[in-house]
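Enquirer: For reference, the structure I am asking about is given below.
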Amino acid sequence: MNENIASFPELPAPELRPCLRLDVQVGAPIEIGPAASSFGYGHRRVIPITNGRVLCEHPNGAWQGRVLPGGADFQILVGDRAARLEARYVIETDAGDRIYVENLALRSGSAETIAKLARGEPVDPSLVYFRCVPRFETSAPSLAWMMERLFVGTGARRPERVELRVFELG
């Protein structure tokens, strides 16, 4: 194998296709305290997910739905500038189909900005790097495409909710 990597065919960069808009309502944090995780040592907290609304704007089918109560965002605050997030919750479409969501995210910013977020204070979203990688599971045939694609997203933390915009990697 003496083939030079420069002779490999050029591959196109993935496109970002708009897919979902979510407005997820959250409850008061449940503070756990110091903890070690796969992300390192930090402060563990759990944020209950209480409800929310979802809008799908995908070519495979547009739909609306709601976030069911009972999910949570499991967070570890790493240092004073970053938080690793693992959210798990269920979406129910207006047609009654259910989608399990597992969303891994990283949120970072200045120490002052992250401290404000941790206290539940409003923060300008442009001051925070908030990116996520959601995965979806469903038994609904009309939504099976969601398990056959990769997605990335961006978010904003508000005092009582999280806004997410999710894109399919095309």
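Enquirer: Using the beta-carbon distance between GLU57 and ARG131 and R0 = 22 Å, what value does 1/(1 + (r/R0)^6) give for FRET efficiency, to the nearest 0.05? If you can, show how the numbers build up before the last one.
Expert: On the way: r = 20 Å, r/R0 = 0.89.
Rounded to the nearest 0.05, the efficiency is 0.65.
Enquirer: A follow-up question, please. With the contact rule set at Cα under 8 Å and sequence spacing of 6 or more, what percent relative contact order holds for the chain?
Expert: Working: 404 pairs, mean separation 36.7, N = 170.
Computed value for the chain: 22 percent relative contact order.
Enquirer: Report, in deg cm²/dmol and to the nearest 500, the calculated mean residue ellipticity at 222 nm for the chain, where each DSSP H run with n ≥ 4 adds -39500 (n - 2.57) and the sum is divided by the residue count.
Expert: Values: 1 runs with 8 residues, N = 170.
Here the helix-only value at 222 nm equals -1500 deg cm²/dmol.
Enquirer: I would also like to ask the following. About the Cα centre of segment 14-169, how large is the charge dipole given +1 on each Lys and Arg Cβ and -1 on each Asp and Glu Cβ? Please answer in debye to the nearest 20. Each step should come with its number before you reach the end.
Expert: On the way: 20 positive and 19 negative charges, 60 e Å.
Charge dipole of segment 14-169: 280 debye, to the nearest 20.
Enquirer: Report the gain in length on full extension from ARG81 to LEU106: 0.36 nm times residue separation, minus Cα-Cα distance, nm rounded to one decimal.
Expert: Numbers: separation 25, 0.36 × 25 = 9.00 nm, distance 1.07 nm.
Gain on extension, ARG81 to LEU106, equals 7.9 nm.
Enquirer: Still on this structure, I have one more. So, in Å, what gap is there between the alpha-carbon centers of segment 75-130 and segment 15-47?
Expert: Taking the Cα centre of each part, segment 75-130 and segment 15-47 sit 5 Å apart.
Enquirer: Further question: Once you compute Rg and the Kirkwood Rh from C-alpha atoms, what is the Rg to Rh ratio for the chain? Each step should come with its number before you reach the end.
Expert: Details: Rg = 18.0 Å, Rh = 17.3 Å.
Rounded to two decimals, Rg/Rh equals 1.04.
Only the coordinates and a few stated rules stand behind these numbers; no lab work does. All of these numbers come straight from a predicted model, not from anything done at the bench. Quick reminder, even Gly has a Cβ in these numbers, built from the backbone with ideal geometry, and neighbours come from all protein chains shown.
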